[in-house]
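The values are calculated or read from the model by the stated rules, or taken from the named source; none is laboratory data. It should be emphasised that the depicted structure is a prediction, and the values quoted were computed from it without experimental measurement. Counting neighbours? That spans all protein chains shown, and the Cβs are built from the backbone with ideal geometry, glycine included.
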Amino acid sequence: MKKNYQYLLVTIQIIISLVFIGIITFSFLDIVRFNRALALFSPDSFSILIQLFVYAYLAIELCQMNEPIRWNDSPLLHYVLLSLCLDGIIILPTFFETIDFYLLSPVLMGKIHLFSIISSTIFLILCGINQKETNYKNSNHLVLFTVSFSLFLTYLIKINSPTFDKPLNMFITSTPFKIFFICANIIAIISFIPSYLKDKTKHNKLKTYSYILFTISLAILRYSINLNLVVLFAALILLIASSKFLIINMKSYSI
């Protein structure tokens, strides 16, 4: 991936993240300033805030290092992170409830949320498939296919009972989608195993474990609604740790 294009993807991601971070900050300050119920500001908002910083950290670190010698997954990881940052959309209901003005419909926000889930999961699968000495000349076709397929699935999926009562209630979808999400994450985890079996070096083991833990933490954070605070905290710690180890490993193989 050319550096200029890399910088463009990171810039877009940072802009989107800053918008959501600004909304979270404004919502919190507004709630405190006017003594509104802090129940409006759920732990999910803090969770999204931390996640956005983690994704931005990963994107910036990827952009600063050269292409890894042995793997072709780092360009695809940029698309994973860009898709993940779109998930900040789930904090908008809290913001709208704070200002008492609704700019987007619950269904539209739910669709963006679903697109973020589907596209980032598929890109993670592609990261696993493209780890070991893969011909990456058709990367643009893979990206276009993933985006198109994700948009198509998002269009087909119906969101049940959209509401602004609670930030995440509008994202409750059908059982078939939940099954699809679980299966897709299992496939994402499995996709990293062939590379591990072919090259059981210390670096490759660390990278495989980091990717798997990263995927598991994302699955926990994005699939579950109203997580127990202990589980939420553990998932965030897992996300931060796996991200750090992933970058350390990629740097060790950069040119």
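On inspection, L206 does not qualify as modelled with pLDDT of 75 or more, touching a Leu at 6+ places or on another chain (Cβ under 9 Å) and closer than 30 Å to R33 by Cβ. If the Cβ limit is 6 Å and pairs must be 6+ apart or interchain, which residue in region 110-132 that is at negative phi pairs with which residue that is acidic (D, E)? Close Cβ pairs (under 6 Å, with a partner that is acidic (D, E)) amount to S116/D87; C127/D73; N130/D73; Q131/D73. Residues in region 213-231 that are crowded, with 19+ Cβ neighbours inside 10 Å, modelled with pLDDT of 85 or more and of a type outside the set (G, A, S): F214, T215, L218, L221.
One line per residue, one yes/no per condition, for (1) modelled with pLDDT of 85 or more; (2) of a type outside the set (D, E); (3) buried (at least 22 other Cβ atoms within 10 Å of the Cβ):
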position	(1), (2), (3)
F46	no, yes, no
Q51	yes, yes, yes
V54	yes, yes, no
I60	yes, yes, no
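All told, I91 meets the bar of being under 23 Å from I237 (Cα atoms), in contact with an Asp or Glu (Cβ under 8 Å, 6 or more places away or on another chain), assigned to a helix (DSSP H, G or I) and at pLDDT below 85.
What is the number of the single condition among (1) at pLDDT below 90; (2) under 20 Å from L221 (Cα atoms); (3) of a type in the set (S, T, N, Q) that T25 does not meet? Going through the list (1) at pLDDT below 90; (2) under 20 Å from L221 (Cα atoms); (3) of a type in the set (S, T, N, Q), T25 breaks only (2). If the condition is being under 14 Å from I247 (Cα atoms) and either surrounded by fewer than 20 Cβ atoms within 10 Å (Cβ to Cβ) or small (G, A, S) (or both), then region 184-204 contributes only H203.
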